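Notes follow once the structure below has been shown.
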Amino acid sequence: MIDVIDRLKEDIQSGNDWVYCLMDAIGAWSVTEEVYRGKTFRYFIAGEAFDWQLLAQRLCGSVNGIIPKSEKDDLLILGTLPHRFQTDSIASLIKSRAGHSKYRGFLNYYYGVIVEEALQTVVEQEIQKRNISRSAKYISNDRDQVFVNIYGQCIEDLLNKYKFTTGAKHRKGLSLMQHREFTYWLFKFRVRNSDKAKVASDTTKGLNYLERINNTEINSRVNSVA
């Protein structure tokens, strides 16, 4: 995909907005998995969820130095666009510039990884508060309680099932990519094994948490400018 990277570099250096250039490059990128600098990059988790952040990181790294660092970090780390895109979202840009197949994959990734991680975070906060109120903070495994609460099983059992059903091979400790793949598997496991009311309630809980985080980030930016 050297031609895509060369085109991305040329487009940015020609004075075009790097965000649009990046989204066009994402749309033109046809490789779903590659080994780059000794590391494996899988851009579609389970062939369904488009890990746009991983591909964006790969592309930005290939044109390093010609993209404003602060804007690049906001996109790759926070998932936020520069202020000039106030009327747009990453989803709308991917849909319009990268095509419907990647947009569908983006939605799978958003709900299956981003929202699922948010759900785990907010449930962990709830459990920590409850344990502190019961003076059980230091005798309880908050993280394991999270997985039992959401998925009905402890994390070790879920990891073993994940390895068995997917053939994944890894030792203790997951890489970032493996963590995302496991999270997406957990999302599908939750949808298959929970009743519809709980699935909807838990998903809403994750979405509400993300909305609070985003509002906090927006207010922080406004206050810093003021």
Is the range 73-84 home to any residue that is within 20 Å of Met177 (Cα to Cα), modelled with pLDDT of 95 or more and charged (D, E, K, R)? no
The lone condition Gly15 fails out of (1) surrounded by fewer than 17 Cβ atoms within 10 Å (Cβ to Cβ); (2) within 22 Å of Glu181 (Cβ to Cβ); (3) not charged (D, E, K, R) is (2)
All conditions in (1) surrounded by fewer than 17 Cβ atoms within 10 Å (Cβ to Cβ); (2) under 30 Å from Asp142 (Cα atoms); (3) in contact (Cβ under 8 Å) with a residue 12 or more places away in the chain; (4) not assigned by TED's automatic domain parsing to the domain that holds Thr165 are true of Leu54 except (1)
Conditions (1) surrounded by 17 or more Cβ atoms within 10 Å (Cβ to Cβ); (2) without any contact (Cβ under 8 Å) to a residue 60 or more places away in the chain -> Phe187 fails only (2)
Of the residues in the range 161-184, those that are surrounded by 11 or more Cβ atoms within 10 Å (Cβ to Cβ) and of a type in the set (Lys, Arg) come to Lys161, Lys163, Arg180
Picked from the range 106-134 (must be modelled with pLDDT of 95 or more and among the small types (Gly, Ala, Ser)), the residue surrounded by the fewest Cβ atoms within 10 Å (Cβ to Cβ) is Ala118
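The values are calculated or read from the model by the stated rules, or taken from the named source; none is laboratory data. Source: prediction; values computed, not measured. As a convention, Cβ positions derive from the backbone with ideal geometry for all residues, glycine included, and neighbour counts pool all protein chains shown.
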